[in-house]
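Notes to accompany the following structure.
No lab work stands behind these numbers, since they all come straight from the coordinates. The model shown is predicted, which means the values in this text are computed figures rather than measured ones. Cβ sites come from the backbone with ideal geometry, for glycine too, and all protein chains shown count toward neighbours.
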Amino acid sequence: MLIWWTNQVVHYSVTALLPIVVLPLFEVASLKEVTTNYSNPVIYLFFGGFLLALAVEKWDIHKRLALWLLLNFNKNLPSVFMAITISSYFLSMWMSNTATAIMMLPLATALVTTIRSQIPIADRDVEKMFLTIAFSANIGGIATIIGTPPNLVFSGFLNETFHQSIRFIDWFIVGFPISVLLLLLLFIVLVPKDKKLFQEDIRERIRAEYRRLPKMSSAQKRVLIVFSIVALLWFTAPFIEVAVLNDTSIAMAGAVVLFMLPSGQESSPRLLEWQDTKDLSWGILLLFGAGLTMASMFEKTGLSAMISDFFKQSGSSKVLLAVLIVAFTVFSTEFMSNVALTGLMMPAVAALASGDIHVFFYTGMSVAMASSCAFMLPIATPPNAVAFGSGQIRMMTMMRLGLLLNAVSILLFSVLLYLFVK
């Protein structure tokens with residue numbers, strides 16, 4: 001699958017169907033076992049989120065937001081990039097990085113369209129803008145313990161194995177500086193270096209275009225209300241102890257409401273109609289289904305246990321072994337669920353720590369954070385898949401820039417482990 005994706009043998013959606021054909025054929029897993037992963041709750045989080053984004057695009061809300069952003073950050077192209085990056089990073093600190101990417105994608109699309117109507121913008125800069133959304137969403141989740149599920153996997157394992165709990169501030173003291181350093185690296189790698197100011201007539205055209213916007217229609221207001229409620233629930237769900245309240249159910253509930261609410265407009269009676277879904281990125285749902293399938297096959301075939309045993313039995317020093325575990329995590333998370341990978345690596349980290357909670361704390365945190373540093377492949381994390389689904393990013397561009405970010409992430413975590421794991 002990796003070879004087919006990197007060489008673009010067929011469309012990436014077709015490659016994502018390979019597990020359904022190959023795994024039952026070679027009796028690795030039954031057809032039911034394989035196809036179950038293509039209906040994972042995460043897939044429906046994607047689906048619901050895409051429908052929300054579809055409504056935003058349908059009623060041109062994203063264009064209004066894009067013009068507002070350009071109105072306030074219209075100095076030059078780097079300022080636009082920084083506004084998008086910081087927005088995506090901050091949102092992902094508190095809510096699902098998938099939801100963050102889905103919210104930001106229509107905005108980036110509208111920004112590119114608006115900028116292109118004013119000045120030339122290179123294709124490579126367009127690619128970097130969409131990559132910035134995905135990568136900053138991944139990085140933002142590192143900053144807080146509720147930012148992404150792998151952080152909670154570590155917290156749960158710490159409590160279960162060492163009977164210790166980790167407070168929000170304990171994580172933040174380590175996670176926030178690491179995420180800020182990674183964000184600075186993202187600025188260096190992805191933000192365009194051309195600091196040429198937008199000409200005053202261009203900036204005036206942006207202001208004039210914003211002033212010409214009509215008053216918000218009833219449909220736009222209703223979509224914004226639904227979207228805001230969904231976003232608020234995404235923010236607050238981790239603090240509400242209701243079993244059915246999760247990112248997927250929130251997204252799907254919001255999507256269903258959009259199909260039910262009247263728009264108040266003659267052009268379309270409802271905020272969303274089923275025919276609108278022809279523009280949905282259906283292929284991305286298959287892509288992530290394939291990634292989940294391969295993650296489950298790691299476990300089923302015993303490959304994950306073999307990897308865990310390898311680390312447990314190694315006779316290397318604690319620091320070197322911790323660095324190897326983190327490096328392995330960074331590259332393995334490109335191919336499998338970061339939640340599953342974190343759960344897989346925690347026993348290996350505990351074996352390395354040999355009961356020393358200090359060693360486990362920093363090594364375990366590094367593994368949890370490293371599992372979010374997946375920048376090379378669309379299947380690595382949902383934000384990567386969402387950004388890639390825009391059709392604006394070439395696979396080789398993501399792999400080339402992602403490899404650089406992966407390497408620097410490993411270096412950063414290695415320094416952390418050297419300082420704190422003795």
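Positive-end ranking of LEU286, LEU105, MET365 along the dipole of the chain, with charges on Cβ about the Cα centre, is headed by LEU105. Taking the C-alpha atoms only, the angle from helix 168-190 to the longest principal axis of the chain is near 60 degrees.
Protection proxy ranking of 35-42, 346-353, 168-175, by the mean of other Cβ atoms within 10 Å over each peptide's residues and highest first, is 346-353, 35-42, 168-175.
Please arrange LEU184, LEU51 by how many other C-beta atoms lie within 10 Å of their C-beta, fewest to most.
Ordered by Cβ neighbours within 10 Å, fewest first: LEU184, LEU51.
Distant-in-sequence amide contacts of ARG270, defined by a placed amide H-H separation under 5 Å and a gap of 5 or more residues or a different chain, comprise SER263. Using the Cβ-Cβ distance between ARG205 and LEU25 with R0 set to 51 Å, the FRET efficiency works out to roughly 0.30. This ranking places MET260, MET399, MET336 by how few other beta-carbon atoms lie within 10 Å of each, fewest first, which gives MET260, MET399, MET336. The count of lysine pairs in segment 2-420 whose Cα atoms are under 23 Å apart, excluding pairs fewer than 8 places apart on the same chain, comes to 17. Taking Cα atoms only, the orientation of helix 318-332 departs from the longest principal axis of the chain by about 40 degrees. Counting every other Cβ atom within 10 Å of each residue's Cβ, PHE26, PHE335 order from fewest to most as PHE26, PHE335. GNM on the chain, alpha-carbon springs under 10 angstrom: the most fluctuating residue among PRO262, PRO120, PRO149 is PRO120. For segment 278-283, backbone phi angles converted through the Karplus equation (6.51, -1.76, 1.60; θ = phi - 60°) give residue-by-residue couplings of 4, 8, 6, 7, 4, x Hz, Gly and Pro being listed as x.
If we count GluC sites (Glu not before Pro) as exposed when they sit in a DSSP loop and have at most 15 other beta carbons within 10 Å, what is the longest stretch of the chain that avoids them all? Maximal segment without exposed cleavage sites: 28-240.
Below 8 Å between Cα atoms, with a sequence gap of 6+, how large is the relative contact order for segment 2-420 in percent?
Contact order relative to length: 23 percent.
Please work out which option in [x] 0.92; [y] 1.01; [z] 0.96 gives Cα Rg over 2.2 N^0.38 Å calculated from these coordinates, and answer with its label. From the options [x] 0.92; [y] 1.01; [z] 0.96, the structure gives [y]. Between helix 357-370 and the chain there is an angle of about 40 degrees, using the helix long axis and the longest principal axis of the Cα atoms.
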